[in-house]
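Derivation of every value follows stated rules applied to the coordinates shown; laboratory data play no part. Source: prediction; values computed, not measured. Here the Cβ positions follow ideal geometry from the backbone for every residue, glycine too, while neighbour counts run over all protein chains shown.
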Amino acid sequence: MSLHHKSDRKSKTADSIAQDLGSLPLQELNEKLETTAEGLSATEASQRLTHYGPNELKDESINPVLKFLTYFWGPIPWMIEIAAILSAAVRHWDDFAIIMTLLIFNAIVGFWEEFQADNAIAALKESLALNARVKRDRKWVSVPARELVPGDVIRIRLGDIVPADACLMEGDPVEVDQSALTGESLPVTRNTEETVYSGSIIKQGEIDALVYGTGVNTYFGRTARLVGTTETTSHFQKAVLKIGDFLIVIAITLVALILLVALFRGDSFTTTLQFALVLTVAAIPVAIPVAMPTVLSVTMAVGARILARGQTIVSRLASIEELAGMDVLCSDKTGTLTQNKLTLGDPFLMEGISQDQLLLAAALASRAEDQDSIDQAVLAGCQHLEQLDDYQVAHFQPFDPVHKRTEALIHRPDHSDWKVSKGAPQTILALVSNPEQIRDQVEAAIDQFAARGFRSLGVAETGADHEWRFLGVLPLYDPPREDSRSTLETAQQMGCAVKMVTGDQLAIGREIASQLDIGSNIIDAKIFEEASYTDSARMDQLIEDADGFAQVYPEHKYHIVDVLQKHGHIVGMTGDGVNDAPALKKADCGIAVSGATDAARAAADIVLLSPGLSVVIDAIQEARKIFQRMNSYAIYRIAETIRVLLFMTLSILVFDFYPVTAVMIVLLALLNDGAILSIAYDNVRYSDQPEQWNMRQVLGIASMLGLAGVVASFGLFYLGERVYHLDYPTIQSLIYLKLSVAGQLTIFATRTRGPFWSIVPSKILIGAVICSQSIATLVSVYGILMAPIGWERAGLVWIYAIAWFLVNDRLKLMAYRIFDHHQLRRSV
């Protein structure tokens with residue numbers, strides 16, 4: 001009975017069919033799926049893809065209309081909506097119309113910006129989509145995992161995330177980590193005709209498997225996505241929320257004070273409540289408005305797109321902020337500091353062994369289709385590859401971190417059997433019958449190779465007596481990348497210490513470190529296992545002071561990260577293997593290097609698509625730029641909150657004067673916040689030191705700028721009332737224009753630590769400010785929803801605002817000097 005049969009589809013759901021298939025023997029499963037060990041043809045696979053659908057779990061999408069309506073639901077929208085209702089109740093239809101128009105406009109802007117950000121993030125995640133090795137038309141090819149269909153034959157190996165539910169075919173057992181699916185803390189062994197589930201990780205071994213369940217019809221799909229993802233709140237976001245909480249308390253207290261005083265004076269309750277609600281909207285936009293989350297998401301998404309152009313994919317946006325603050329990077333050597341292009345040197349041969357004999361055995365213990373760098377180097381160095389066709393590989397055991405060697409069972413042309421193996425020299429020595437007799441000369445050869453920066457590969461074969469004999473040592477050289485030295489110098493200049501982490505011998509680590517000028521203090525990770533150093537302060541200090549680590553195992557990486565974090569460092573860790581995943585997850589910023597396994601990429605925050613460390617440095621620089629944009633926005637937003645809230649509170653309490661109307665407040669808040677989204681595209685220079693959130697400095701500078709703005713606003717109020725004797729509606733229009741212009745000019749002061757002209761702002765930022773302030777000027781000049789002031793008075797307000805902006809810029813420079821001096825005194 002075929003799965004394609006109509007009656008079968010009627011009697012059973014696809015889900016129950018998939019469960020039934022998982023319990024069938026392999027031969028019967030082949031019959032059910034109408035496939036063979038040779039897999040499917042491309043045509044049949046295409047037809048089945050149409051029938052079964054993609055091998056993926058669809059995200060729960062929110063209806064765009066419902067998503068749009070959420071922008072009218074929440075504390076801030078409620079306040080605006082109540083203000084609109086109150087306007088209608090007192091028949092202020094103009095106020096009602098403009099408040100509703102601005103509310104709808106804000107929802108449209110917020111929806112569109114979040115939609116753009118979500119699309120950007122989705123596009124980045126597409127770049128991280130898994131691939132699978134599948135047999136199509138009798139050839140092994142790599143295809144996106146989403147294109148797998150029941151009946152496909154796939155190959156899974158060490159480090160792979162299993163792409164679909166599959167039944168294991170003939171081969172050696174594999175170790176599978178399925179803890180994310182079943183809760184089992186230890187890997188389980190899976191043998192031929194047993195099932196492996198989509199989402200589990202191959203921890204050891206390599207085998208072919210027959211796919212029988214894809215997409216929602218997998219164990220993963222049936223258990224409603226037991227593997228969930230959670231958004232982590234970054235350090236920066238936590239700091240901003242703390243500031244927001246503080247300002248909310250201040251804002252509500254002052255607004256309540258305004259309300260009580262106004263009612264005590266006998267002001268209209270409805271008008272006062274309307275004003276208080278709208279003032280609250282303008283006063284606390286740092287903490288719970290549409291603007292702050294939107295600015296955060298847009299800035300992060302824009303930065304992630306820039307990083308993606310540099311072959312750096314961000315899988316967790318909050319990690320950009322961790323990258324900006326990273327002060328220690330533990331860098332993998334192979335493929336990151338070196339070229340990962342292994343070449344063979346002249347081998348060390350045991351007595352009576354020829355070079356051709358050694359290379360033939362090493363080549364037979366390699367497999368080209370695995371695309372392993374060591375295998376490729378060995379095969380490239382074999383001068384007589386055509387000889388390999390004379391031999392049949394009956395069984396191949398791939399390399400894994402436990403056994404540290406490959407092994408192949410070979411059928412000779414004369415039908416006799418023969419075994420060959422290559423791997424870590426000490427592991428190969430342990431196979432042979434006379435290790436003690438040859439150990440000294442083998443180790444001497446290894447030490448000589450290591451002193452020249454060569455890795456050593458031991459090779460052995462079985463003889464007529466089926467006993468293993470050591471053939472020799474192959475030296476493999478992986479030269480440093482041409483840009484590694486300059487990249488490391490740049491990292492040091494940026495305040496980010498680079499510690500080399502390698503599994504190679506100590507001598508190799510020291511030689512590469514010497515060539516790259518990393519430092520001479522390279523520690524052998526074996527010391528971690530010495531009882532006298534376990535959990536000791538001395539061990540922690542050794543890790544802190546080290547320039548690098550050699551002969552490192554995955555558990556050592558985790559320990560290194562843990563110790564450095566306890567010492568107060570923001571730590572980045574690079575890795576590529578399945579066993580690197582814990583350290584990548586532990587690090588503040590886990591970085592999966594080019595060619596990393598699926599498991600490493602899944603655990604990492606950053607995924608590199610091109611080799612080398614330079615892309616990491618580029619990512620750090622871009623992350624620091626993003627952090628500075630967010631820092632500038634935070635100072636601007638806090639300063640504006642203080643400026644508006646304190647000025648209005650004092651005006652009402654002291655002078656019994658409402659300096660702006662409710663409509664003006666809404667227009668001011670939404671128009672200026674909409675334009676300030678362009679801060680995500682601003683030009684900035686990256687800092688030469690790791691970024692960290694300095695709450696004291698941000699609040700201090702923002703407070704100074706905010707208080708200066710209050711003084712400036714009262715100065716304009718004095719000129720309007722006492723010097724020019726203007727009526728209150730005209731003064732309100734003047735103050736509205738001043739608050740709008742001065743507010744947007746503030747961003748040009750907060751965006752630089754030096755004078756405002758020290759970094760040219762982006763055209764997008766300038767354009768957005770010009771556009772928003774043109775609208776603000778026109779509505780005040782022509783009296784749209786307010787008293788008209790004319791071009792002459794508008795020009796005077798512009799001159800007044802610009803003059804105060806120049807004063808504020810000098811105040812900012814003075815504030816930075818004060819805080820920098822204070823910080824220097826505290827650090828001495």
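Rg and Dmax over the alpha-carbon atoms of the stretch 343-477 stand at 13.8, 43 Å. For residue 139, the aspartates and glutamates whose Cα falls under 17 Å of its own Cα, not counting residues fewer than eight places away in the same chain, are 38, 44, 147, 152, 208, 369, 370. Taking a straight line from the alpha carbon of residue 341, these aspartates and glutamates sit under 14 Å away, with near neighbours fewer than eight places off in the same chain left out: 372, 375, 478, 482.
Between Rg and the Kirkwood Rh of the stretch 438-582, both from Cα atoms, what is the Rg to Rh ratio? All intermediate terms of the calculation are to be shown ahead of the outcome.
Working: Rg = 17.8 Å, Rh = 17.1 Å.
Radius of gyration over Kirkwood radius for the stretch 438-582 works out to 1.04.
Among 588, 165, 618, the order by Cβ neighbours within 10 angstrom, fewest to most, reads 618, 588, 165.
May I ask which of 585/625; 557/585; 625/763; 404/585 have a Cα-Cα span longer than 22 Å here? Walk me through the intermediate numbers first.
Values: 585/625 25 Å; 557/585 11 Å; 625/763 17 Å; 404/585 24 Å.
585/625; 404/585, as the Cα separations exceed 22 Å there.
What FRET efficiency, computed as 1/(1 + (r/R0)^6) with R0 = 25 Å and r the Cβ-Cβ distance, is obtained for residue 784 and residue 719, rounded to the nearest 0.05?
Numbers: r = 23 Å, r/R0 = 0.94.
That gives a FRET efficiency of 0.60.
What the pair-distance distribution of the stretch 418-519 shows, using all Cα-Cα distances binned every 10 Å from zero, is 15, 36, 23, 16, 8, 2, 0 percent.
Can you work out the FRET efficiency for the pair residue 66 and residue 727, with r the C-beta to C-beta distance and R0 = 41 Å, to the nearest 0.05? Walk me through the numbers on the way to the answer.
On the way: r = 47 Å, r/R0 = 1.15.
Here the calculated transfer efficiency is 0.30.
Taken over the stretch 736-778, the alpha-carbon convex hull comes to 57 cubic angstrom per residue. Kirkwood radius and radius of gyration were both taken over the C-alpha atoms of the stretch 622-825, and their ratio Rg/Rh is 0.98.
Couplings 3J(HN,Hα) of the stretch 343-353, computed from phi: 10, 7, x, 6, x, 8, 10, 6, 4, x, 9 Hz, in residue order, whole Hz [Karplus 6.51 cos²θ - 1.76 cosθ + 1.60, θ = phi - 60°; x for Gly and Pro]. In this structure the amide hydrogen of residue 501, modeled in the peptide plane, comes within under 5 Å of the amide hydrogens of 331, 332, 333, 549, none closer than 5 places in sequence on its chain. Spacing of the modelled spin labels on residue 192 and residue 524, each 7 Å from Cα toward Cβ, amounts to 4.3 nm.
Counting only Cα atoms, the stretch 524-657 measures 76, 38, 23 Å along its principal axes, largest extent leading. Computed on the Cα trace of the stretch 607-721, the radius of gyration divided by the Kirkwood hydrodynamic radius gives Rg/Rh = 1.15.
Each listed q (0.12 Å⁻¹) maps to a log10 I(q)/I(0) for the stretch 497-571, found by the Debye formula over equal Cα scatterers with no solvent: -0.29. Spin-label model, residue 172/residue 427: points 7 Å from Cα along the beta carbon direction are separated by 0.9 nm. Residues whose amide H falls under 5 Å from that of residue 471, counting only those 5 or more places apart or on a different chain, are 459, 460, 461, with hydrogens built in the peptide plane. One decimal place: the segment residue 137-residue 309 gains 58.4 nm when fully extended, by the rule 0.36 nm per residue minus the C-alpha distance.
If each residue of separation counts as 0.36 nm, what is the full-extension length gain between residue 594 and residue 38 once their alpha-carbon separation is subtracted?
Details: separation 556, 0.36 × 556 = 200.16 nm, distance 3.08 nm.
So the chain would gain 197.1 nm between residue 594 and residue 38.
Ordering 341, 763 by the number of other Cβ atoms within 10 Å of each residue's own Cβ, fewest first, gives 763, 341. Annotation for residue 349 and residue 91: the two label points, set 7 Å from Cα along the Cα-Cβ direction, are 11.0 nm apart. Calculation over all alpha carbon pairs of the stretch 580-644 in 10 angstrom steps from 0 returns a P(r) of 21, 33, 22, 15, 8, 1 percent. Comparing 450, 393, 426 along the charge dipole axis of the stretch 343-477, the residue lying farthest to the positive side is 450, per the Cβ-charge model. Which FRET efficiency value, to the nearest 0.05, is calculated for residue 384 and residue 694 with the Förster distance at 56 angstrom and r the Cβ-Cβ distance? FRET efficiency, residue 384 to residue 694: 0.30.
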